[in-house]
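> Okay, handing you the structure first.
The values are calculated or read from the model by the stated rules, or taken from the named source; none is laboratory data. These numbers come from a predicted model, not from an experiment. Cβ atoms come from the backbone with ideal geometry, glycine included; neighbour counts cover every protein chain shown.
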Amino acid sequence: MKAIALLLPLLAATSWTPPPPDPVTPLAREVADKALRWLVSVQNPDGSWGDNPGSPGEVGNTAIATLALLTQGSTTSRGQHFREVRRAFDWLAKRTRNYSGGRALDGATLLHRKLGDNAELYLVALLYSQSLSLNLEAWEDARMQQELGAMVAHIAGLQKANGEWETSYEPMLTTIAAWQALEQAHAAGIRIDQASRPKVVEYLRGQCLEQETGVFREERWGRAERFVTQAGGVRVLVAEGLEKEADVQRAISVIHKMRFDQDVGGATGGEEFLGAVYATQALYLLRGPVYEAWYERITKALQHGQNADGSWQGHHCITGRVFCTACSIMTLLTPDKLLPLVER
């Protein structure tokens, strides 16, 4: 009897508590799982991904597809898709080995034409910043850290005096992609000497953000109101802690009046899927009803546009199914917080 009495307090102290509710809704999880099955099924035998199933491997597409698998929780040593992640990193390592800046990692690709001549560098730097300490061996971490440092130095040197990055088909999106790569590398402990975060903010608020309406506009697109630039601009300004500023609050409110596929009359391209990632990350940082309403809406929109095989197709500009599908997975699984890039 005495032994039972002594055991009761221990049982009380270690009583089971139910896990917290899944932050990813059942519908979002279902849609993402279907997409993940498609994505791993079209990985090339060498571990890479190209624009579409069977396309030659590219650094940019391989990097963003691997980011999608990391978002699901797989690494090089654990998780449902650890083998695919391991093979992807091995393929990328051959392309980035001894990187010292000043050279492209890919030839001319669709991502280059739309997001700038260094698009693949922004994406692989973002991937490596999320992957430090996930490697199996210490020497792999050291190699990745050295290569990431060289990538960051090259990216930082591309910033213009006005805060913008290289001239491209999508000036704002190129700038935002470069900013995110540097921001996450800095968070991972990589020193950044040349680039200026305040200049990025000055460029976005001074040259792109219409103060009275909260709409981001750029000369390249005739000062039109576009979802992709609205989402990207808000992503940066919220991450920089400016969400309480009146102009930024107006910019946030504009997103709630937009559809992610509105820019080309409902014909989504890879830019729109990338915009969905940026919008979801930005609003997730704010939490609350604002985020919840958006997350439900973007989940249903992505479900509606998903192909029967689980992929998404771009209908203009960035048309590759790998890029569009990887972005969609990252959007749907943002609430899992398995990658640091969903934090400020």
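> Can you name every residue in the range 311-344 that is part of a helix (DSSP H, G or I) and either touching a strand residue (DSSP E or B) at 6+ places or on another chain (Cβ under 9 Å) or farther than 21 Å from E243 by Cβ (or both)?
R321, V322, F323, C324, T325, A326, C327, S328, I329, M330, L332, D336
> Name the helices (runs of 4 or more DSSP H) wholly inside the range 24-122 in which the number of residues that are over 20 Å from the mean Cα position of the chain (by Cα) and closer than 17 Å to S328 by Cβ is 2 or more. Outline the logic, then answer.
Details: elements: 26-41, 59-72, 82-96, 110-115.
Here the list reads 26-41.
> Please indicate, with yes or no, whether at least one residue in the range 73-84 is among the charged types (D, E, K, R), in contact with a Ser or Thr (Cβ under 7 Å, 6 or more places away or on another chain) and surrounded by 15 or more Cβ atoms within 10 Å (Cβ to Cβ).
no
> Related question: Quick one: would you say G305 is within 19 Å of the chain's Cα centre (by Cα), modelled with pLDDT of 90 or more, more than 15 Å from V236 (Cα to Cα) and among the small types (G, A, S)?
No.
To keep it simple, each residue is scored yes or no on (1) acidic (D, E); (2) in contact with a helix residue (DSSP H, G or I) (Cβ under 6 Å, 6 or more places away or on another chain); (3) modelled with pLDDT of 95 or more; (4) within 19 Å of C327 (Cα to Cα).
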site: Y122; (1), (2), (3), (4): no, yes, yes, yes
site: E140; (1), (2), (3), (4): yes, no, no, no
site: M144; (1), (2), (3), (4): no, yes, no, no
site: R197; (1), (2), (3), (4): no, no, no, no
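> Is it the case, given these coordinates, that R78 is closer than 20 Å to P340 by Cα and among the charged types (D, E, K, R)?
So R78 fits the description; yes.
> Further question: Go through the range 204-241 and count every residue that is part of a helix (DSSP H, G or I) and not acidic (D, E).
Summing the residues that are part of a helix (DSSP H, G or I) and not acidic (D, E) in the range 204-241 gives 20.
> Based on what the data block shows, is Q281 over 16 Å from the mean Cα position of the chain (by Cα), in contact (Cβ under 8 Å) with a residue 60 or more places away in the chain and part of a helix (DSSP H, G or I)?
So Q281 fails the test.
> Restricting attention to the range 147-189, report how many residues are surrounded by fewer than 24 Cβ atoms within 10 Å (Cβ to Cβ), in a helix (DSSP H, G or I) and of a type in the set (A, V, I, L, M).
The number of residues fulfilling the criteria is 4.
> All but one of (1) modelled with pLDDT under 95; (2) of a type outside the set (A, V, I, L, M); (3) more than 23 Å from Y169 (Cα to Cα); (4) part of a helix (DSSP H, G or I) hold for E271; state the number of the condition that does not hold.
(3)
> Related question: Being of a type in the set (G, A, S) and either modelled with pLDDT under 90 or at positive phi (or both) is true for just one of G149, G107, G157. Which residue is that?
Result of the check over G149, G107, G157: G107.
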